[in-house]
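Scroll down for the structure; my scribbles are underneath it.
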Amino acid sequence: MSQEKTLPSTLQSVAIEELFEIPSRIPDDLQALKLWIEQQPHLTARTDDQFLLQFLRGCKYSMERAKEKIERFYTMKTKFPETLGIYDLDNERFRQVARLGCVAPLPIPLNGDGCRLVMGHFNYNPQEYRVEEIYHVGSAMYEIFLIDDPYACICGIINIVDMSQVTMAHLLHENANFLKTGIEFIESAMPLRNKAVYFVNVSPAAAQFFNFFIPLFSEKLRKRIFICSTLEDLKQHIPLKYLPEYYGGENGSMEHHIKALKAKFDEYREYFQDNVNYGVNESLRQEESSDVDKLFGLGGSFRKLEVD
């Protein structure tokens, strides 16, 4: 018997209609995925039902795509440990960065039962904090979504990035190789649907950011990026009620967002500690190389990025 969490009826309907879920087949689908994992000598992966179920849902129940995504998930984590290997959520520096509130989910999903809304801010001092540290907090949050957040898992995620505090110092401290790795991981290895990204409060100075940042996304996600010069522009897409209180909405304060994320990190600290036990052993891989090698080169390093 599978051990997945029961969905609210509205989300179950979405899973059936949009993700092609057949609830009665879930136990067999999970067993098939577990058997495949057992047969991969190079791969040590989680086999928790809820974890594997999200790979099936995120791939609309294509078994082959789910296998490819699991493979890429663990291959990238193994090849890029400094970027993707997050194990200690009690690390004081990690918690210090989390308390900045640079990234946090909003408590109420869009329209009450839709996409999970995630806020991002450049409210950090680039002389004191590295973009890598900000990403680690966001990446850990995304991984918790996989097993904890049915709205993110079924309906997807909408990111809202406030550009009002972007400075040239932020741009100068960006690391193209790191960002490309992180974006590639979220896009191609995380089984979550990124429905849209809204950049808001985009000043002419902040617009320079996009010459650097947007080329790092896939063509598919670029089509889901929207530039909102003002808050009024954003409200044409996201009703004010579902925006945070500091925008005049009803979706929690910055203090509330930070506190809620801290609680999640507290709850899942042991889960991340256990992550050290999973990954790939390339010496046992039966194929010549993984598709990650094709993307980034055999050594796991990037080819030179051409950014206008």
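When we screen THR44, THR83 for residues that are touching a strand residue (DSSP E or B) at 6+ places or on another chain (Cβ under 7 Å) and in contact (Cβ under 8 Å) with a residue 12 or more places away in the chain, the only hit is THR44. Close contacts from region 133-147, counting a first residue that is on the phi < 0 side of the Ramachandran plot and a second that is assigned to a helix (DSSP H, G or I) and of a type in the set (Asp, Glu), with Cβ to Cβ under 9 Å and a gap of 6+ residues or different chains, come to ILE144/GLU267. Name the residue that is surrounded by the most Cβ atoms within 10 Å (Cβ to Cβ), counting only residues in region 257-282 that are in contact (Cβ under 8 Å) with a residue 12 or more places away in the chain and farther than 30 Å from ILE108 by Cβ. Here the answer is VAL280. Of the helices (runs of 4 or more DSSP H) contained entirely in region 4-106, those carrying at least 1 residues that are at pLDDT below 95, closer than 30 Å to SER253 by Cα and of a type in the set (A, V, I, L, M, F, W, C) fall at 81-84. Restricting to region 173-218, name every residue that is over 13 Å from the mean Cα position of the chain (by Cα), modelled with pLDDT of 80 or more, among the aromatic types (Phe, Trp, Tyr) and in a helix (DSSP H, G or I). Passing the criteria: only PHE178.
Can you name the condition, by its number, that ASP113 falls short on among (1) under 15 Å from ILE160 (Cα atoms); (2) in contact with a helix residue (DSSP H, G or I) (Cβ under 7 Å, 6 or more places away or on another chain)? ASP113 satisfies every listed condition except (1). If the condition is being hydroxyl-bearing (Ser, Thr, Tyr) and farther than 11 Å from VAL280 by Cα, then region 25-48 contributes only THR47. With respect to the stated conditions, ILE238 is at pLDDT 95 or above and not small (Gly, Ala, Ser).
Conditions tested, residue by residue: (1) hydroxyl-bearing (Ser, Thr, Tyr); (2) closer than 18 Å to ILE158 by Cα; (3) touching a helix residue (DSSP H, G or I) at 6+ places or on another chain (Cβ under 6 Å); (4) open to solvent by less than 20 Å² (accessible area, probe 1.4 Å).
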site: ALA196; (1), (2), (3), (4): no, yes, no, yes
site: PRO204; (1), (2), (3), (4): no, no, no, no
site: GLN208; (1), (2), (3), (4): no, no, no, no
site: ARG222; (1), (2), (3), (4): no, yes, no, no
site: PHE226; (1), (2), (3), (4): no, yes, no, no
site: GLU232; (1), (2), (3), (4): no, yes, no, no
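Would you be able to say whether some residue in region 147-160 is polar (S, T, N, Q) and crowded, with 18+ Cβ neighbours inside 10 Å? Yes, region 147-160 contains a residue that is polar (S, T, N, Q) and crowded, with 18+ Cβ neighbours inside 10 Å.
The values are calculated or read from the model by the stated rules, or taken from the named source; none is laboratory data. Just so you know, these numbers come straight off a predicted model, no measurement behind them. All Cβ positions, glycine included, derive from the backbone under ideal geometry; neighbour counts span all protein chains shown. The protein model used for the area step is the full one, side chains on, heavy atoms only, and it has no ligands, DNA or RNA in it. Shrake-Rupley method; radii C 1.70, N 1.55, O 1.52, S 1.80 Å.
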